[in-house]
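Single-structure report; data block below.
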There are 2 protein chains.
Amino acid sequence: MNIGEVAKATGLPAKTIRYYEDIKLVRPARAGNGYRDYARDDVHRLAFIQRARGLGFTINECRQLLSLYDDESRSSADVKALAVEKLSEIDRKLDELNSLRATLKSLADHCHGDDRPECPIIEEFARGPAS
Amino acid sequence: MNIGEVAKATGLPAKTIRYYEDIKLVRPARAGNGYRDYARDDVHRLAFIQRARGLGFTINECRQLLSLYDDESRSSADVKALAVEKLSEIDRKLDELNSLRATLKSLADHCHGDDRPECPIIEEFARGPAS
DNA sequence: ATTTGACCTTCCTGTGACTGGAAGCCCGAT
DNA sequence: ATCGGGCTTCCAGTCACAGGAAGGTCAAAT
């Protein structure tokens, strides 16, 4: 399978697939003409990575996940631990984003949004946090 | 004011403050000994940037905000537009994170998390999205 | 007067996860 | 034969810094 087909099959850009080879997440064979030649296993691996990345795992976490995946004697506890950690990370981000949203919303709500130069948003930035 | 004091006053690392000078967000004077010498105005600018960054504005958006801030004849509508755009961006991120959280949570909940090698998380990754 | 130690300077490199582009093979069809 | 598309490598850029080396400066303690 050529890289273009793999790109279509996985939804990953070819550039990204080459990058994943660069950092040794995948090791495709080479055809006689120098083209990368992906086996079914490579494609699975790439699809695996794509889904894990989409769930917010970093490349290094994907690497861990893959080694766990490769390891027949892994325990599901290892994998779960990673997922649980990711979950609390996501919760932290959610909190941050929510409070950020609230601040920004109240700022925007109090801004009349016309041609006058007075603007509570700018003033807030200039003045400092809720004093 | 030396960079260290500014760092303390604004909460920004000195490295970051120098970086902001590099990309021309601030232009502090220099003392005779070559040290950066920050005026009150520079410190305000930096604090401004810090708060805007903390609210999720990118450096370039900060630049826009600053030019708006510098511009006596700005309209508050310009600033509000930026804030409103940021808001919907945040909402998009919140949605993404929430659905990501849900997926990961259900995966983790279905994982018994013991020593057995079977693991629904790994299987999900290997199999592909909800089939 | 010297020596510490903290602070400051510049410059270079690295991060994460790609993305874009240039220069140049390769392959199938016309 | 040549054309378009796909493939290759390599280099550079992105964003917003962070880390560290090599060296100048300053205030205080010895």
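The values are calculated or read from the model by the stated rules, or taken from the named source; none is laboratory data. Keep in mind that this is a model prediction, so the values were computed, not measured. Positions of Cβ are generated from backbone atoms using ideal geometry, with glycine treated the same way; all protein chains shown enter the neighbour counts. To get the accessible areas, we keep the full protein, side chains included, count just its heavy atoms, and leave off ligands, DNA and RNA. Shrake-Rupley method; radii C 1.70, N 1.55, O 1.52, S 1.80 Å.
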Restricting region A:65-96 to residues that are over 19 Å from the mean Cα position of the chain (by Cα) and open to solvent by less than 20 Å² (accessible area, probe 1.4 Å), the one farthest from residue B:112 (Cα to Cα) turns out to be A:75
Taking region A:70-113 and keeping only residues that are of a type in the set (Gly, Ala, Ser) and farther than 18 Å from residue B:104 by Cβ, one is left with A:73, A:75, A:99, A:102, A:106, A:108, A:113
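Okay, residues lined up against (1) assigned to a loop (DSSP other than H, G, I, E, B); (2) on the phi < 0 side of the Ramachandran plot; (3) aromatic (Phe, Trp, Tyr):
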| site | (1), (2), (3) |
| --- | --- |
| A:46 | no, yes, no |
| A:63 | no, yes, no |
| A:68 | no, yes, no |
| A:73 | yes, yes, no |
| A:84 | no, yes, no |
| A:90 | no, yes, no |
| A:99 | no, yes, no |
| A:113 | yes, no, no |
| A:124 | no, yes, no |
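Conditions (1) touching a Gly at 6+ places or on another chain (Cβ under 8 Å); (2) hydrophobic (A, V, I, L, M, F, W, C), marked per residue:
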site: A:17; (1), (2): no, yes
site: A:21; (1), (2): no, no
site: A:25; (1), (2): no, yes
site: A:51; (1), (2): yes, no
site: A:54; (1), (2): no, no
site: A:64; (1), (2): no, no
site: A:67; (1), (2): no, no
site: A:73; (1), (2): no, no
site: A:78; (1), (2): no, no
So, first residue at the interface with chain A (Cβ under 8 Å from one of its Cβ atoms) in region B:48-71, second residue open to solvent by 60 Å² or more (accessible area, probe 1.4 Å), Cβ within less than 6 Å, six or more apart or across chains; the pairs are B:68/B:78
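I need the full set of residues from region A:9-18 which are more than 9 Å from DNA strand D (Cβ to nearest atom) and part of a helix (DSSP H, G or I), in order please. I'd like the intermediate steps shown before the answer.
Initial filter on region A:9-18 (more than 9 Å from DNA strand D (Cβ to nearest atom)): A:9-13, A:16.
Result: A:9, A:10, A:16.
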Restricting region A:21-45 to residues that are exposed (fewer than 14 other Cβ atoms within 10 Å of the Cβ) and touching an Asp or Glu at 6+ places or on another chain (Cβ under 8 Å), the one nearest to residue A:69 (Cα to Cα) turns out to be A:27
Does residue B:39 fit the bill of being of a type in the set (A, V, I, L, M, F, W, C) and more than 18 Å from the chain's Cα centre (by Cα)? yes
Picked from region A:19-59 (must be among the small types (Gly, Ala, Ser) and touching a helix residue (DSSP H, G or I) at 6+ places or on another chain (Cβ under 9 Å)), the residue farthest from DNA strand D (Cβ to nearest atom) is A:52
Cβ pairs under 6 Å, 6+ apart or interchain, first in region B:12-30 and more than 14 Å from chain A (Cβ to nearest Cβ) and within 9 Å of DNA strand C (Cβ to nearest atom), second part of a helix (DSSP H, G or I) and open to solvent by 40 Å² or more (accessible area, probe 1.4 Å), ordered by first then second residue, are none
If we keep only residues of region B:97-123 that are surrounded by 12 or more Cβ atoms within 10 Å (Cβ to Cβ) and at pLDDT below 70, then the residue nearest to residue A:94 (Cα to Cα) is B:121
